[in-house]
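Data first, discussion second: the structure below is written as structure tokens.
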Amino acid sequence: MNSLDLTGRVAVVSGGYGVLGASLASGLAAAGARVAILGRRRDAAEAKAEEIRATGAEAMVIVADVLDDTEVRAARDELLRAWGRVDILINAAGGNVMRARNDNRSIFDVPLDAFDEVLRLNLHGTVIPALAFAETMAAQRSGCMVNISSMAASRVLSGVLGYSIAKTGIDSFTRWMSVELARKHGDGLRVNAIVPGFFVTTQNRKVLINDDGSYTDRSNNIIAHTPMGRFGRPEELIGVVQWLCSDAASFVTGAVIPVDGGYSLFSGV
């Protein structure tokens, strides 16, 4: 019951070639899982799958836009034909949309279509794959889902209204689905979320890192409010996700777990 071993389990990682998603895909493979990389970009997904295969683990690519239910369900069916089941879903697709930010302008100047875009990318981009793959898990009466929330769901972070609303929705969706699946399909189905603190990724690098490599004012404020005094490293998300997906967390569902170096606790005083 305490093993973190995932040998023989089939894991799907949406956005599995992004900075955080790629790290989680590698972590699941290292624990023994067969890993399917789900995303729109076949070339990036294939590169990540090949990297996993080079370690001796099994990996495949299933191509779909997480905002297209038809494509996602077709990708799920492709996976089932190849590997016969799905045990783990990591919803790592998402990110901010620069047009939706209001760092240097009024919130009243943010286009509504940009707000809609960031909301759909993060909230719908989690809900659509979750419903598709959870349907299979429900039929199996077993499976584990991990969603990716954000500090923006519980703390007011300037400039990111749409992203904040989307991630708050993911927290609610995580709790709601955990109850729905356990009550109607058994205690073999679990839904949890992790809440990364601040990690430097491709999408936020320009906001956090200056061209000369120094930290921006926003970064310095973040570090000042993080008791551990630094940004997180992508591999520091692996342990909690391996645990949540393993039998060691068999009685854990509906949890929303910070991995943030203490940022969510500290007032700055």
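The numbers here are math on the coordinates, done by the rules we state, and not lab data. Fair warning: this is a prediction, and the values are worked out from it, not measured in the lab. Glycine gets a Cβ as well: all are built from the backbone with ideal geometry, and neighbour counts include every protein chain shown.
What is the Cα centroid distance between the stretch 204-247 and the stretch 88-123, reported in whole angstrom?
Answer, in whole Å: 20.
Cα convex hull of the chain: how many Å³ per residue?
135
Among all the lysines, which ones have a C-alpha under 27 Å from K48's C-alpha, if same-chain residues fewer than 8 places away are not counted?
Cross-link targets: K167, K206.
Give me the one-decimal nm value for the distance between modelled label points at D247 and E78, 7 Å along each residue's Cα-to-Cβ direction.
So the two model labels end up 3.3 nm from each other.
Take peptides 124-134, 222-232 and line them up by average Cβ neighbours within 10 Å, highest first, as a rough protection proxy.
124-134, 222-232
Only helices at least 15 Å long along their own axis, judged from Cα atoms, and with Kyte-Doolittle mean hydropathy of 1.6 or greater: name those in the chain from DSSP H.
Span-like helices, by this rule, are 19-30.
Taking the beta-carbon count within 10 Å as an exposure proxy, list M137, M151 from fewest neighbours to most.
Going from sparsest to densest Cβ surroundings: M151, M137.
Given a cut-off of under 8 Å on Cα pairs at least six residues apart, what relative contact order in percent is computed for the chain?
On the way: 531 pairs, mean separation 53.0, N = 269.
Relative contact order of the chain: 20 percent.
Determine, from the Cβ-Cβ distance of S106 and D65 and an R0 of 51 Å, the FRET efficiency 1/(1 + (r/R0)^6), rounded to the nearest 0.05.
Step by step, r from the Cβ atoms, then E = 0.95.
As I understand it, the dipole of the chain uses +1 on the Cβ of Lys and Arg and -1 on the Cβ of Asp and Glu, about the Cα centre. Which of I88, F251, A139 lies farthest toward its positive end?
F251
Report the full-extension gain for the segment E180 to L131: residue separation times 0.36 nm, less the Cα-Cα distance, to one decimal in nm.
Answer, rounded to one decimal: 16.5 nm.
Sticking with the crude label model, points 7 Å out along Cα→Cβ, report the distance from R230 to D116 in nm, one decimal please.
4.4
Counting Lys and Arg as +1 and Asp and Glu as -1, each charge on the Cβ, what is the dipole of the chain about the Cα centre in debye, to the nearest 20? If you can, show how the numbers build up before the last one.
On the way: 27 positive and 29 negative charges, 64 e Å.
My answer is approximately 300 debye.
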